[in-house]
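Q: I have a structure here, written as structure tokens, and I will follow up with some questions on it.
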Amino acid sequence: MYSISDEELDHVYRFALDLANGAGEMLQKSVRGRMQSNSLTNLQQEEKESAVDLVTKADEDVEAFIKRSIQEKFPSHHFIGEETYSKGASRQYLIGDEPTWCVDPLDGTVNFIHLFPMYCVSIGFVVNGKPVVGVINAPFLKQTFSACKGRGAWLNEKQKLPLIRNPIPPIPPNAPSGCIFSCEWGKDRRDHPDSNMHRKIEVFLNMAAEIGGRGGKGGMAHGIRSLGSATMDIAYTAMGAFDIWWEGGCWEWDVCAGICILEEAGGLITTSNPPNDFETAPIEPVKLGSRLYLGIRPAGPSSIETSREGQERAIRETWRRVRGLDYLRPGV
């Protein structure tokens, strides 16, 4: 087990904030250049594993900047970034107990290409396998979400999360009714009846359908949202704008910073796949590298249950309406 002092953690946190600001400015410089040249689609890009799994020169340049900056400042720390990891043949989980930076230089690459503003830089710092610092910078929106273990979560370093705090609203009594449900289509677009894409579509229908519909699984959620960035989905769950975030297929750099921010805001996060005894099974802590995630926004107590009880109820009601997703991960 590694030990890190509060002073060291504060130092890492301030550095991560500065790093995210610098990386965000690099992304916006690329955007401004495209806009000024009237070349909104002429962007160097390549496919990785599918036509919706893309990488741009901006992804690679920003990751190189972040990695170089970290190595100069903290030469003993480990580094895992999406683009360098993706170039390797292994899909093993590589984060151990040692201090490790886990970085997505540009989450929402498709959004970035199309100039849809939901893209961001995500910088997480992990000690003993747990995210303890998280910074998400969405530069087009001028929003920075950040958290440091034990110090709460913040929007633009001034507004504490969640945004509604006096009091923090409880989970709706008939959740997912009354909730905003968030999930991405994902990069797995295989078209057969039991594919991950078809399972997700079934869940979308369950969540949207009228109460009592879909064989009793109708949730009649207020809405279904897909921002095109799992990182932004988590940030908006921490903000309280989304009530339920359900996802599979993400990698640790997609969620590392967001997990820290959501938990520090008072949210709860566990696995997306329902256990066999979902009505009574314990709510286990999320596994960073599991690729399966279910997050619930920060919640206040109601007259009949505590904050945690409301969040656990929302998790079980979500499990009731979803199917397990099939995202294998060696070593986890």
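Rule-based calculations on the coordinates, nothing more; no lab input. Please read these numbers as outputs of a predicted model, since none were measured by experiment. Positions of Cβ are backbone-derived with ideal geometry, glycine not excepted, and every protein chain shown enters the neighbour counts.
Q: Projected area of the range 194-267, taken from the Cα convex hull and averaged over every viewing direction, in nm²?
A: On the way: hull surface 22.1 nm².
For the Cα atoms of the range 194-267, the hull's average projected area reads 5.5 nm².
Q: For the pair residue 115 and residue 217, how long in nm is the line joining their label points, each one 7 Å along Cα→Cβ?
A: 4.1
Q: Another question about this same structure. Report the local net charge at residue 266: Lys and Arg +1, Asp and Glu -1, summed over other residues whose C-beta lies under 11 Å from its C-beta.
A: Here the charged neighbours net out to +2.
Q: What 222 nm value per residue comes from the helices of the chain, counting each DSSP H run with n ≥ 4 as -39,500 (n - 2.57) and dividing by all residues, nearest 500 deg cm²/dmol?
A: One gets -11000 deg cm²/dmol as the mean residue ellipticity at 222 nm.
Q: Another question, if that's okay. With only alpha-carbon pairs counted, each pair once and no self-pairs, how large is the Kirkwood hydrodynamic radius of the chain in angstroms?
A: 20.2
Q: How far apart, in nanometres, would the label points at residue 11 and residue 226 be if each is projected 7 angstrom from Cα along the Cα-to-Cβ direction?
A: The answer from the label model is 4.5 nm.
Q: What full-extension length gain, to one decimal in nm, is calculated for residue 284 and residue 1 as 0.36 nm per residue of separation minus the Cα-Cα distance?
A: Once the chain is fully extended between residue 284 and residue 1, it gains 99.8 nm.
Q: Amide H neighbours of residue 79 under 5 Å, counting only residues 5+ apart in sequence or on other chains, H built in-plane at 1.01 Å?
A: 101
Q: How high is the relative contact order of the range 75-226, given as a whole-number percent (alpha carbon pairs under 8 Å, six or more residues apart)? The partial results should precede the final answer.
A: Working: 246 pairs, mean separation 18.8, N = 152.
Averaging sequence separation for qualifying contacts and normalising by length gives 12 percent for the range 75-226.
Q: Suppose each label sits 7 Å from its Cα in the direction of the beta carbon; what would the residue 18-residue 69 distance come out to in nanometres?
A: Those two pseudo-labels are separated by 0.9 nm.
Q: Taking the Cα atoms only, what angle lies between the long axis of helix 57-73 and the longest principal axis of the chain, rounded to 10 degrees?
A: 80
Q: Looking at the range 180-321 from every direction and averaging, what is the projected area of its Cα convex hull in nm²?
A: Reported value for the Cα convex hull: 8.5 nm².
Q: Given Cα pairs under 8 Å that are at least 6 residues apart, what percent is the relative contact order of the chain? Walk me through the intermediate numbers first.
A: Details: 700 pairs, mean separation 54.5, N = 332.
Answer for the chain is 16 percent.
Q: Based on the Cβ-Cβ distance from residue 94 to residue 151, what FRET efficiency comes out when R0 is 35 Å, to the nearest 0.05?
A: Plugging the Cβ-Cβ distance into 1/(1 + (r/R0)^6) gives 0.80.
Q: Where does helix 307-321 land angle-wise versus the long Cα axis of the chain, in degrees 0 to 90, nearest 10?
A: That helix lies at roughly 80 degrees to the long axis.
Q: Compute the angle between helix 6-36 and the longest alpha-carbon principal axis of the chain, please, reported from 0 to 90 degrees and rounded to the nearest 10.
A: 80
Q: Would you kindly state how much longer the chain becomes between residue 36 and residue 201 on full extension, computed as 0.36 nm times their sequence separation minus their alpha carbon distance, in nm to one decimal?
A: Once the chain is fully extended between residue 36 and residue 201, it gains 55.5 nm.
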